[in-house]
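What follows is one structure encoded as C-alpha cells, with my remarks underneath.
The values are calculated or read from the model by the stated rules, or taken from the named source; none is laboratory data. The shown structure was predicted, so the numbers you read here are calculated from the model rather than taken from an experiment. Don't worry about glycine lacking a Cβ; one is built from the backbone with ideal geometry, like all the others, and counts go over all protein chains shown. The protein model used for the area step is the full one, side chains on, heavy atoms only, and it has no ligands, DNA or RNA in it. Shrake-Rupley method; radii C 1.70, N 1.55, O 1.52, S 1.80 Å.
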Amino acid sequence: MRICSQYRNRRLPRIIRKWYREETAAILLETDCLCHGEMGNIEMLIFTNQWLGQSNVESAVKNRVRRVLMRAAVEGWAGGGPVDSPALMNGLAGIGYQLLRLAKPEIVPSLLFLDPPVGRI
C-alpha cells in the first residue's frame, strides 16, 4: 500500500480495477501458495480493497477466501510445487502466514508488499 501511494502513475487505479473485475470472475487456481496461487491473489484483493475502499471488494475477498477454504477442506492445501513444501513463498508456510494475515490484518503485515511490522505481535 505504501509503495502504491507514492506511485504517481494515473493509470494505476484503472489497472487495479481491471484486474479486480477479471480476478473476481476467475475460477480458483490450481495452487494455494502465496507466490503464484490463491493466497497471493487474496493478498492482492486485500490491497485492492484498501486502495479502492469499496464494500463490494471486501465482499469479493470474503467470497474468495470462503471458496479456497471449502476446497482445502475437501482436497487439502495445494502448494506451488509437485510435493508439499514447507517453503514460505510456494509452500505451506506461506499459506499459513496468509491465513494469519486474514485473521488479523491489522497486526500481520503483507509479505508480498514488503510491509514493515505493525507493532508487537
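Residue selection: Asp115 fails the criterion of being more than 16 Å from Glu43 (Cβ to Cβ) and either part of a loop (DSSP other than H, G, I, E, B) or open to solvent by 60 Å² or more (accessible area, probe 1.4 Å) (or both). For the range 29-45, residues that are within 15 Å of Lys18 (Cα to Cα) and either in a loop (DSSP other than H, G, I, E, B) or hydrophobic (A, V, I, L, M, F, W, C) (or both) total 2.
Residue pairs whose Cβ atoms lie under 7 Å apart, sitting 6 or more positions apart in sequence or on different chains, and linking a residue in the range 50-73 that is under 19 Å from Thr31 (Cα atoms) to a partner that is in a loop (DSSP other than H, G, I, E, B), are Arg67/Leu28; Val68/Leu28; Val68/Asp32; Arg71/Leu28; Ala72/Asp32. Screening the range 55-97 for residues that are of a type in the set (S, T, N, Q) and outside any helix (DSSP H, G or I) and picking the one that is most open to solvent (accessible area, probe 1.4 Å) gives Asn90.
Are any residues in the range 19-48 at pLDDT 75 or above, of a type outside the set (A, V, I, L, M) and open to solvent by 40 Å² or more (accessible area, probe 1.4 Å), and if so, which ones? Glu30, Cys35, His36, listed by residue number. Annotation note: Cβ proximity below 7 Å between a residue of the range 86-100 that is touching a residue at least 12 places away in the same chain (Cβ under 8 Å) and a residue that is part of a loop (DSSP other than H, G, I, E, B) and aromatic (Phe, Trp, Tyr) (sequence gap 6+ or interchain) occurs for Leu92/Trp77; Ile95/Trp77.
I'm checking my understanding of the structure. Among residues of the range 98-112 that are in a loop (DSSP other than H, G, I, E, B) and not aliphatic (A, V, I, L, M), which one is least open to solvent (accessible area, probe 1.4 Å)? The selected residue is Ser110. Looking at Gly80, Gly91, Gly53, just one residue is of a type outside the set (A, V, I, L, M, F, W, C), out of contact with any strand residue (DSSP E or B) (no Cβ under 9 Å at 6 or more places or on another chain) and modelled with pLDDT of 90 or more, and that residue is Gly91.
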